[in-house]
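Just below is one structure, and these are the notes that go with it.
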């Protein structure tokens, strides 16, 4: 049997109080060189390679599902060309 870390099997007690932040990803297609780091390392797997080409002749990423983004900004950190960034969505309904 594989031992699972405690943080994986336990549910936090304050899940009803804490809301996961939502983000919106913006891609600057002309800067993208097609390395795929953002697609590979996105923890929510919300990015995929697009069918279109940019000025460099590569397929820039595109967003699969906008509602999945947790605004972790990891895509910003791994992009060597600063071609992607995320913006935190403002909270609605007084959360």
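The values are calculated or read from the model by the stated rules, or taken from the named source; none is laboratory data. The structure presented is a predicted model; accordingly, all values stated were derived computationally and were not measured. Cβ sites come from the backbone with ideal geometry, for glycine too, and all protein chains shown count toward neighbours.
General remarks:
- Only residues that are in a loop (DSSP other than H, G, I, E, B) and either in contact with a strand residue (DSSP E or B) (Cβ under 8 Å, 6 or more places away or on another chain) or over 17 Å from residue 80 (Cβ atoms) (or both) were counted in the stretch 41-54, giving 8.
- For the residues 68, 25, 18, 63, the requirement of being touching a helix residue (DSSP H, G or I) at 6+ places or on another chain (Cβ under 9 Å) and modelled with pLDDT under 95 singles out 25.
- Selection count where residues are part of a strand (DSSP E or B) and more than 13 Å from residue 86 (Cβ to Cβ), scope the stretch 55-70: 1
- Residue pairs whose Cβ atoms lie under 6 Å apart, sitting 6 or more positions apart in sequence or on different chains, and linking a residue in the stretch 46-67 that is without any contact (Cβ under 8 Å) to a residue 24 or more places away in the chain to a partner that is assigned to a loop (DSSP other than H, G, I, E, B) and loosely packed, with under 12 Cβ neighbours inside 10 Å, are 46/65.
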